[in-house]
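Take a look at the structure below.
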Amino acid sequence: MTFRIPNVGEGVLLAFDAMRASKLRSALTILGVVIGVTTVMVMASLVEGIRSQIFASIENASPQTFYVIRFFSSTPVNPQNLPAEVRVRPVVNEEDAIAVRRAPSIRHAGLWVQLRQRIEYQGERSQGLLVWGADNAYLDVQGGTLLQGRWFSTGELADGSQMMVIEQDVATKLFGHNDAIGRVVRIGEHPFTIIGVFQNPENIFQPPGSQNGAVIPFRAARQNFHYDETNALFVIVLAQRGVGIERAKDDAIAALRQRRGLRPGAPNNFDLLTQDQILGIVDKLTSAFFLVMIALSSVALLVGGIGVMAIMMVSVTDRTREIGVRKALGATRGEILLQFLVEAATLTAFGGLIGIATGMIGGEILKSVLGIKSGPPLWSALVATGASVAIGLVFGVIPANRAAKMDPVEALRYE
């Protein structure tokens, strides 16, 4: 009678027999893998959810929207220490918006500014919010719905009246279920009267401090607040319906160059930013963030693999006589090597499946807490499964090779 492992399936069955015989040892072996895979799955789920929500929020804006800014940089420049290439450029202003607005392919152009402020009412204060100094094209650009009241009149926009259209969730925090229309709130030290309530688009991802909280007339923002003229000030442009974005950009560039007196061949002293460019920036940032998070969380997998190797080395030592008996019955070196490799891969694959389940559950719980809506990243489950098996094979080689090299006579003598 000789000992054989005719296929991998039988090796898996032997591995499960070994797991049942040494439950504690097997649990310790797979614990590190479970923790590693769970961490990878949770991070993948979170990053993918954030990514999809950011994309969804950007895509809610009109595809015919682009921005004229003083200087484009993927990271904001320091307004207190502007590079020379930025200082030589004029700050965008209302005359720029008027010039762009006159182009035939342009439906609307307006000067907007982003402020980060708290809104206060009778001692109740919101968190830091984005307060937009804008105009009545806000919903066309950002998306959303006007739920109550109205937007600004032409006169209110022109004279910078201290009126406000507030976001629904912010209004609920400040006033509960009471009507917000007509109430006077404070932004910083300045009173503003609420004339409307709007709702943000669904599925919008908003990190702390980046929630769209309110809209006030641009001139009211200019008269009452200090702001960064390089990073926070821009001309928002909407192309005419049915007009391609490239044509609208060309017309805007021509209008601005003429307005600023730029000679033919001279470089633009302004930048244009489209939704596609914003999506590209977000894609690069989230991809880099994703790789960093996966690299960090993969350290847990590495630790789990080292644990597998350590426990398998102990297992080989404890089963020395068993290895000797199997070799004496005719098992070849290759079959012993295969047996322990399959056992290591089976253990880590089993741990990987547990880790995938716990990771998906943990990821969904975390996304629910953060208010992120997206499906589980199924591709990461496949990657995690493959990684688990690979860990078993890679870190199981040394103990498996040690078992395969044992001399059967010496193994049988082992006590």
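The values are calculated or read from the model by the stated rules, or taken from the named source; none is laboratory data. Quick caveat, the model's predicted, so the values are computed rather than measured. All Cβ positions, even for glycine, are placed from backbone atoms using ideal geometry, and neighbour counts span all protein chains on display.
Listing for the model above:
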| read-out | value |
| --- | --- |
| Residue check, Val237 touching a His at 6+ places or on another chain (Cβ under 9 Å), under 28 Å from Val77 (Cα atoms) and assigned by TED's automatic domain parsing to the domain that holds Asp96 | yes |
| Selection within the range 162-180 - polar (S, T, N, Q) and touching a Ser or Thr at 6+ places or on another chain (Cβ under 8 Å) | Gln162 |
| Tabulated pairs, the range 63-84, first in contact (Cβ under 8 Å) with a residue 24 or more places away in the chain and under 11 Å from Phe234 (Cβ atoms), second in a loop (DSSP other than H, G, I, E, B) and aromatic (Phe, Trp, Tyr), C-beta under 6 angstrom, 6+ apart or interchain | Val68/Phe270 |
| Any chance Arg107 is among the basic types (Lys, Arg), over 28 Å from Ile245 (Cα atoms) and in a strand (DSSP E or B) | no |
| Selection count where residues are touching a Ser or Thr at 6+ places or on another chain (Cβ under 9 Å) and crowded, with 19+ Cβ neighbours inside 10 Å, scope the range 144-160 | 1 |
| Residue within the range 70-85 that is at pLDDT below 70, in a loop (DSSP other than H, G, I, E, B) and more than 28 Å from Gly188 (Cβ to Cβ) present | no |
| Residue list for the range 183-200, filter: within 18 Å of Gln114 (Cα to Cα) and not in a strand (DSSP E or B) | Gly188, Glu189, Asn200 |
| Meets criteria (modelled with pLDDT of 90 or more and surrounded by 20 or more Cβ atoms within 10 Å (Cβ to Cβ)) for Ile98 | no |
| Residue tally, condition surrounded by 22 or more Cβ atoms within 10 Å (Cβ to Cβ), among the aliphatic types (A, V, I, L, M) and either under 28 Å from the mean Cα position of the chain (by Cα) or farther than 22 Å from Ala254 by Cβ (or both), over the range 104-143 | 5 |
| Options Ala180, Ala239; residue that is within 25 Å of Gly144 (Cβ to Cβ), surrounded by 14 or more Cβ atoms within 10 Å (Cβ to Cβ) and within 31 Å of the chain's Cα centre (by Cα) | Ala239 |
| Inter-residue pairs, beta-carbon under 9 Å, first in contact (Cβ under 8 Å) with a residue 40 or more places away in the chain and in the range 233-258, second surrounded by fewer than 16 Cβ atoms within 10 Å (Cβ to Cβ) and assigned to a helix (DSSP H, G or I), 6+ apart | Val235/Glu94; Ala239/Arg247; Ile245/Asp276 |
